[in-house]
């Protein structure tokens, strides 16, 4: 399958330098940025030329010691395993992007453990059976990520160690209470619980809009991002990836105040601001984002 589109995919931070030889041609300096790309995605490679805002920061070198060496080995050891032997804990698995991510990870052969609420979806309208049908191929367990004690107990009962945690958690309303409960506290709970059970890599789905934080959910996401980076500074055996994707193509369909494509097709008017630059959009498809997130599972 190949896809061609124009988008501004994501900003990505990684705790350790890595090379994407099949994906990017770039210089490794302390901080680099590749802005916006028109790309073609193939199943085995990606050629991007303007829309991906990709940025990486490196931490200052840390003097190696016997302990650091052991920790580094621990962090990278799971990457040499067969995918079926890599245990990935996914939180936010029933969300809009979470479902795509679970499917992508399952298709790649990873052992996926998806955490979900007993009543998921908007206003909890999805039953356990609905969730199991949506997340076929994954090992689905029901728990509460907003309660650290409950989450830890649920995971311990699995009698399983984890290699990676993937968080697709996002608040639904963006309100003050919801933002801090989900975008910060629940996400942090998944980090704490996952690390206790062996996880040495954390993949965080954030959002491009946190670059100019004006809303509460943006501040909540940024606070967790900062703590995740700090965790990697303190623990040399721990790595992370942070992705900040742009809007999804579905946003162009009218949902959430997006561009009313169908109305325009019908010849109806669409109001733009200024010369159109203020409302310009470079979306990303859900499957492409899920694929990129899956790539980050094994990235260093």
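The values are calculated or read from the model by the stated rules, or taken from the named source; none is laboratory data. Note that the structure is a prediction, hence the values are computed from the model and not measured. Glycine also receives a Cβ, built like all others from the backbone with ideal geometry; neighbour counts cover every protein chain displayed.
Which of the residues that make up the stretch 202-238 are more than 14 Å from the chain's Cα centre (by Cα) and in contact (Cβ under 8 Å) with a residue 60 or more places away in the chain?
211, 229, 232, 233, 235, 236, 237, 238
Select the helices (runs of 4 or more DSSP H) contained entirely in the stretch 210-300, then report the ones holding at least 3 residues which are surrounded by 19 or more Cβ atoms within 10 Å (Cβ to Cβ) and at pLDDT 95 or above. Quick ask: steps written out before the conclusion?
Values: elements: 216-234, 261-265, 286-297.
By residue number, 216-234, 286-297.
Are any residues in the stretch 117-154 modelled with pLDDT of 95 or more, part of a helix (DSSP H, G or I) and within 21 Å of the chain's Cα centre (by Cα), and if so, which ones?
Hits for the stretch 117-154 are 148, 151.
Can you work out which of the residues in the stretch 179-199 that are in contact with a helix residue (DSSP H, G or I) (Cβ under 6 Å, 6 or more places away or on another chain) and surrounded by 24 or more Cβ atoms within 10 Å (Cβ to Cβ) is farthest from residue 246 (Cα to Cα)?
Looking at the filtered set, the residue picked out is 193.
Could you check the stretch 155-173 and list, in sequence order, the residues that are without any contact (Cβ under 8 Å) to a residue 60 or more places away in the chain and more than 21 Å from the chain's Cα centre (by Cα)?
156, 157, 158, 159
Just checking, how many residues over the stretch 94-111 are touching a strand residue (DSSP E or B) at 6+ places or on another chain (Cβ under 6 Å) and in a helix (DSSP H, G or I)?
Step one: list which residues in the stretch 94-111 are touching a strand residue (DSSP E or B) at 6+ places or on another chain (Cβ under 6 Å), which gives 94, 102, 105-106, 110-111.
The next check asks that each one be in a helix (DSSP H, G or I); those that pass are 102, 105-106.
So the count comes out to 3.
Is there a residue being within 14 Å of the chain's Cα centre (by Cα) and touching a residue at least 40 places away in the same chain (Cβ under 8 Å) anywhere in the stretch 190-200? Write out each step before concluding.
Within the stretch 190-200, the first condition is being within 14 Å of the chain's Cα centre (by Cα), and the residues that meet it are 190-191.
With the extra rule that they be touching a residue at least 40 places away in the same chain (Cβ under 8 Å), the set shrinks to 190-191.
Yes, the conditions are met somewhere in the stretch 190-200.
Is the stretch 147-161 home to any residue that is buried (at least 22 other Cβ atoms within 10 Å of the Cβ) and either out of contact with any helix residue (DSSP H, G or I) (no Cβ under 9 Å at 6 or more places or on another chain) or within 25 Å of residue 245 (Cβ to Cβ) (or both)?
no
Between a first residue in the stretch 249-276 that is closer than 18 Å to residue 97 by Cα and a second residue that is surrounded by fewer than 12 Cβ atoms within 10 Å (Cβ to Cβ) and modelled with pLDDT under 60, which pairs have beta carbons less than 9 Å apart while being 6 or more apart in sequence or on different chains?
Matching pairs, first to second residue: 250/256; 251/257.
Look through 199, 186 and report the one residue that is touching a strand residue (DSSP E or B) at 6+ places or on another chain (Cβ under 6 Å) and closer than 25 Å to residue 149 by Cβ. Before the answer, list the steps.
Working: 186 fails: touching a strand residue (DSSP E or B) at 6+ places or on another chain (Cβ under 6 Å).
Going through 199, 186 in turn, just one is touching a strand residue (DSSP E or B) at 6+ places or on another chain (Cβ under 6 Å) and closer than 25 Å to residue 149 by Cβ: 199.
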